[in-house]
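The values are calculated or read from the model by the stated rules, or taken from the named source; none is laboratory data. Source: prediction; values computed, not measured. Cβ placement follows ideal geometry from the backbone for every residue including glycine, while neighbour counts extend to all protein chains displayed. Surface accessibility is based on the protein's heavy atoms, side chains included, excluding ligands, DNA and RNA. Shrake-Rupley method; radii C 1.70, N 1.55, O 1.52, S 1.80 Å.
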Amino acid sequence: MNLRTLFATAVLAVAPLELQSQDSGIPIGTRAPAFSIEDLDRKPVDVGQFIGKTPVLIEFWATWCENCRALEPALLAAQKKHGARVKFIGVAVSFNESVERVKLYAQKHGLAHQILYDRKGDATTAYEVPATSYVVVIDRTGKVVYTGLGGDQNLEAALAKVDPAR
């Protein structure tokens, strides 16, 4: 069994397929934790500089994640529509992943939002990430207002909570 299969098996054992946004991960209504991880040039980035100042959408993803690929069109459309008012951050998990692979994927797929690399798992731990394709939306006060998992999330409804003027 390869690492990808092992990870997917572990996720499915913990997370039922009908997983709802409040069933796992960081609880809605809590203060979003700040974290520092690397960008794709291996420079440190403090995500705390955005939390509590502007709405933020964070997606925890991987290049090999099928749900992430399914969510990608909705994410790109949401960024195009809300990107001037909401900070979009992609946190690439380091499980079975490399910075180089993430960088190539981001270029090939036209990912224009900030992509970070969670080499040590600090961000995934802070946000209690249950699996890839996990999205967290944070309002301008720093409160978590939405969490979701999977390739079929209603990002427009989630972003309406932080960007009603859209």
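The figures follow:
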| item | result |
| --- | --- |
| Asp122 vs. criteria open to solvent by less than 10 Å² (accessible area, probe 1.4 Å), over 14 Å from Ile28 (Cβ atoms), among the acidic types (Asp, Glu) and within 15 Å of the chain's Cα centre (by Cα) | no |
| Residue match in the range 50-67 (condition: farther than 18 Å from Pro164 by Cα and assigned to a helix (DSSP H, G or I)) | yes |
| Condition met for Val86 (open to solvent by less than 70 Å² (accessible area, probe 1.4 Å), closer than 15 Å to Thr54 by Cβ and of a type in the set (Val, Ile, Thr)) | yes |
| Matching residues in the range 39-63 - criterion: being within 19 Å of Gln107 (Cα to Cα) and either aliphatic (A, V, I, L, M) or in contact with an Asp or Glu (Cβ under 6 Å, 6 or more places away or on another chain) (or both) | Leu40, Ile58, Ala62 |
| Boolean, Thr147 is of a type outside the set (Gly, Ala, Ser), surrounded by fewer than 17 Cβ atoms within 10 Å (Cβ to Cβ) and closer than 19 Å to Pro33 by Cα | no |
| The range 91-119 - residue that is buried (at least 16 other Cβ atoms within 10 Å of the Cβ) and acidic (Asp, Glu) and, of those, farthest from Arg69 (Cα to Cα) | Asp118 |
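So that you can scan it fast, the table gives a plain yes or no per residue for (1) basic (Lys, Arg); (2) at pLDDT below 95; (3) closer than 21 Å to Pro73 by Cβ; (4) touching a Cys at 6+ places or on another chain (Cβ under 8 Å):
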{"position": "Leu111", "(1), (2), (3), (4)": "no, yes, yes, no"}
{"position": "Lys120", "(1), (2), (3), (4)": "yes, yes, no, no"}
{"position": "Ala131", "(1), (2), (3), (4)": "no, yes, yes, no"}
{"position": "Tyr134", "(1), (2), (3), (4)": "no, no, yes, no"}
{"position": "Val137", "(1), (2), (3), (4)": "no, no, yes, no"}
{"position": "Arg140", "(1), (2), (3), (4)": "yes, no, no, no"}
{"position": "Val144", "(1), (2), (3), (4)": "no, no, no, no"}
{"position": "Gly148", "(1), (2), (3), (4)": "no, no, yes, no"}
